[in-house]
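What follows is a set of notes on a single structure, which appears directly below.
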Amino acid sequence: MRLLTHNVLRNNTAAASGTPPLKINAVEVRVDEPNTDPSTHEHEVTFVKSLLPSLDWETLVMGAKALGLDSLPPSVTPELAQDEGFLRALYHVLMDVHLVNGMLTCQETGREFPVTNGIVNMMLEESECR
């Protein structure tokens, strides 16, 4: 599961408000090497620039720290939002860092969602949907 995916996941059970991010409890993390092909750099920068307004930055920082990455700044300044080096590094964090095995836990209800082989099981019991 990529950190980009984690940024939008919420607990949708009836008992939860769906607002707090899910806490990551990592068992296995994989970090892929960043793409070094210069022909993809412009695409990566454009992709991240388009995502920045919709990212929940606080959730991203929390998720990155849970996966052992402490390099994200506490906020994105207008200067950083235009810095190609920062945007490419952010692309790497969003797309190349994977939670392979672990658990996502709702901070509001304690409901756990297992992650196995990079796939989150968000299936709910019928009783949780009412």
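The values are calculated or read from the model by the stated rules, or taken from the named source; none is laboratory data. Not measured: the values here are computed from a predicted model. Here the Cβ is made from the backbone with ideal geometry for all residues, glycine too, and neighbour counts use every protein chain on show. For accessibility, only protein heavy atoms count, side chains too; no ligands or nucleic acids. Shrake-Rupley method; radii C 1.70, N 1.55, O 1.52, S 1.80 Å.
Descriptive notes on the structure:
- Arg10 meets the conditions (1) under 14 Å from the mean Cα position of the chain (by Cα); (2) over 30 Å from Thr109 (Cα atoms); (3) basic (Lys, Arg) in every case but one. The failed one is (2).
- The listed residue being charged (D, E, K, R) and more than 30 Å from Glu128 (Cα to Cα), out of Arg88, Arg2: Arg88
- Scoring Asn12 on the criteria (1) open to solvent by less than 60 Å² (accessible area, probe 1.4 Å); (2) in a loop (DSSP other than H, G, I, E, B); (3) closer than 28 Å to Cys129 by Cα; (4) in contact (Cβ under 8 Å) with a residue 12 or more places away in the chain leaves a single failure, condition (1).
- Once segment 102-130 is narrowed to residues that are farther than 20 Å from Thr5 by Cβ and of a type in the set (D, E, K, R), the residue that is modelled with the lowest pLDDT is Arg130.
- Long-range neighbours under 6 Å by Cβ, at least six apart or interchain, first residue within 19 Å of Met62 (Cβ to Cβ) within segment 107-130, second aliphatic (A, V, I, L, M) and part of a loop (DSSP other than H, G, I, E, B): Glu108/Ala16; Thr109/Ala15; Thr109/Ala16; Phe113/Met122; Val115/Met1; Val120/Met1
- Pair list, Cβ under 7 Å, 6 or more apart: segment 38-64 residue farther than 20 Å from Val8 by Cα, other residue aliphatic (A, V, I, L, M) and at pLDDT 95 or above: Val45/Leu87
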